[in-house]
Amino acid sequence: MRRAGFLVWLLIFLLLLEASLVSAAQVHYVSNKDSLYKISEWYGVDVPSIARTNNLEAPYTIYPGQVVIVPDPVARPGEIIYRVKAGDSLYSIAKAHGLSKDELMSYNKLASELIYSGQALRIPTKPQPSAVRTLAAAYSASTYYYNIPDLMKAYPARIFLRGQAQDKVVALTFDDGPDPVFTPQILDVLAYHGVPATFFVRGDRVAQYPQVVQRMIQEGHVVGGHSWSHPNLRSLSADRIRWQVENTAKEIKKWTGLEPKLMRPPYGEMSEEGMAELASMDNYLINWSADSNDWQAKGRDDVLIGAIPGSKPGAIVLMHSAGGVGQSLQPTIDALPYFIYTLRVQGYKFVTVDKLLGTPAYKS
Ligand SMILES: [Zn+2]
């Protein structure tokens, strides 16, 4: 029956919605007296999990002003994780789970009765499957890649998701610009912090806002192509792909004198025939290893939660400098200073993609 089918889907949707609300990692803004151990106690998440999520090395030094992404606590055998809701008290939570308030407090090593909405409490129970998703699910590998691993085997020196993982360097990349609203603000933030980045630009937008691309070059950034009109290149013929890439390169050269060799396909997707075209044009396909998911962020915390866990040595970080009609990149602009500061105090340097990979950015 149609109606029953609809209700089943509605139920699945609501369950997924609940799961996604429950699994949200959190951003902690580090103040003077914080330590990783205090953060661990406060959020009920063990120190190694937090350190792993933030790529911190022992002795886990953190600095005021940086952010720490706090992953979901993972239930141990014999317990569940309960998220405090508005209106809950320690007494009501304990009673609902057949415990005394004191038992609940001592099990969670709580020093005070103050609890806050969203706080995770461990509830001892008989062994049962936990409904709480782990970080692994939240940060699962991007589903954009599809055939990219196969293409990488065929073109090992042409396709990159990251650089060598030895030094603490990361490359920030911004897709979909230029635009007259958000890209200039991102350039302002990068200039203020002295961070070089790589912009993968759309040909049709370069034609509209060439002065923004000229500014990128003047301020020490690298510009690569992101197709002319942002189609999924996997669904285009080899000829159309060549047209998308060549026309964009020509447009960039027209305004900057530089013909890019770095190419990021929209959605990170490329067909086998298209890859052969790219290689014959002496282009490099540059995807990413850390996806900030900034285009769907509701605020800066979402961007930080997306970007920081993947920002390991050699990472290529995906962000955006322009969106579709009516789309705001304000969360990206707001998150950038925290992202930059957090990585810098942990010893990272920012480089452009060509420097990270040791490939030329432009044709000579
Ligand atoms: Zn794009």
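The values are calculated or read from the model by the stated rules, or taken from the named source; none is laboratory data. Since the structure is predicted, the reported quantities are computational estimates derived from the model, not experimental observations. Ideal geometry is used to build each Cβ from the backbone, glycine not excepted, and the neighbour counts take in all protein chains shown.
Overview of results
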| read-out | value |
| --- | --- |
| Lone qualifier among Pro64, Pro71 - being within 26 Å of Arg300 (Cβ to Cβ), in contact with a Ser or Thr (Cβ under 8 Å, 6 or more places away or on another chain) and surrounded by 14 or more Cβ atoms within 10 Å (Cβ to Cβ) | Pro71 |
| Test for Glu113: is it charged (D, E, K, R), free of Cβ contacts under 8 Å to residues at least 12 places away in the same chain and part of a loop (DSSP other than H, G, I, E, B) | no |
| Cross-chain or 6+ apart pairs with Cβ under 6 Å, the range 211-228 first and within 14 Å of Thr352 (Cα to Cα), then among the polar types (S, T, N, Q) and away from the ligand (no atom under 16 Å from the Cβ) | Ile217/Thr256; Val222/Thr352 |
| Given (1) closer than 30 Å to Pro331 by Cα; (2) within 16 Å of the ligand (Cβ to nearest atom); (3) surrounded by fewer than 20 Cβ atoms within 10 Å (Cβ to Cβ), index of the condition Ser235 fails | (1) |
| When residues of the range 164-208 are limited to those that are part of a strand (DSSP E or B) and either more than 16 Å from the ligand (Cβ to nearest atom) or touching a Lys or Arg at 6+ places or on another chain (Cβ under 6 Å) (or both), the one nearest to Ala361 (Cα to Cα) | Phe200 |
| Members of the range 22-69 that are part of a helix (DSSP H, G or I), without any contact (Cβ under 8 Å) to a residue 24 or more places away in the chain and closer than 19 Å to Gly347 by Cβ | Ile50, Ala51, Arg52 |
| Sole residue being of a type in the set (Phe, Trp, Tyr) and at pLDDT 85 or above, chosen from Tyr155, Tyr146 | Tyr155 |
| Output for the range 304-359, where each listed residue is without any contact (Cβ under 8 Å) to a residue 60 or more places away in the chain, within 16 Å of the ligand (Cβ to nearest atom) and not in a loop (DSSP other than H, G, I, E, B) | Gly306 |
